[in-house]
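One structure below.
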């Protein structure tokens, strides 16, 4: 018998997604829905696959960079940081909403969560478009009977805008 994962895994159309290799080539990110089964709380969001970070260079790396620049005849200040691209925390991610974060820290057992990828996106613009599309189509802001806890769309549309209708 295989070991069952201790945390929820991502699913896409009934396929388990455990690696970027399981996604379409050129994927920038994905739109997802998480569902905490015991509380019946759902959340729709988006997640990028890679982060671009500025990494501070150590003494050895700075010396090497200075030598390379001198050999190339480059003058001027040597950058103290270097941009690096690293894989994001998408595998263990549940969402950015405060209640989802709190629930996932307290209870991340695989059987209590469903993490579903709704759509893959090849770039940032389409990722935002697809997220917005799913949020509006799921009526996350205006339905009081739904389980979604999203409280805004694009930072422009809020649950409070609907007053007594929610």
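Just so it is clear, none of the values below were taken in a lab; they were calculated from the coordinates. Not measured: the values here are computed from a predicted model. Glycine gets a Cβ as well: all are built from the backbone with ideal geometry, and neighbour counts include every protein chain shown.
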* Structure fact -> CD proxy, 222 nm, the chain: helix-only mean residue ellipticity via -39,500 (n - 2.57) per DSSP H run with n ≥ 4, per residue, nearest 500, stands at -6500 deg cm²/dmol
* To do: Answer with a single label: of [x] 76, 33, 20; [y] 67, 50, 31; [z] 49, 39, 30, which was calculated as Cα extents along the principal axes in Å from the structure in view?
  => [y]
* **Extension reserve of the residue 56-residue 102 stretch, reckoned as 0.36 nm per residue once the Cα distance is removed** => 13.4 nm
* If contacts are Cα pairs under 8 angstrom and at least 6 residues apart, what is the relative contact order of the chain in percent? -> 33
* Asked: What length, rounded to one decimal in nm, is gained on full extension from residue 154 through to residue 80, with 0.36 nm per residue of separation minus their alpha-carbon distance?
  -> 23.2 nm
* Taking the chain as a Gaussian network, where each spring joins two C-alpha atoms under 10 Å apart, which residue of 82, 72, 114 fluctuates the most? -> 72
* What FRET efficiency do you get for residue 161 and residue 138 if R0 is 22 Å and r is their Cβ-Cβ distance, rounded to the nearest 0.05? -> 0.85
* If you build a Gaussian network model of the chain, linking Cα atoms that sit under 10 Å apart, which residue out of 154, 57, 127 swings the most? -> 57
* Among 142, 71, 119, which one moves the most in a GNM of the chain with springs linking Cα atoms closer than 10 Å? -> 71
* Full extension from residue 20 to residue 39: what is 0.36 nm times the residue separation minus their Cα-Cα distance, to one decimal in nm? -> 3.8 nm
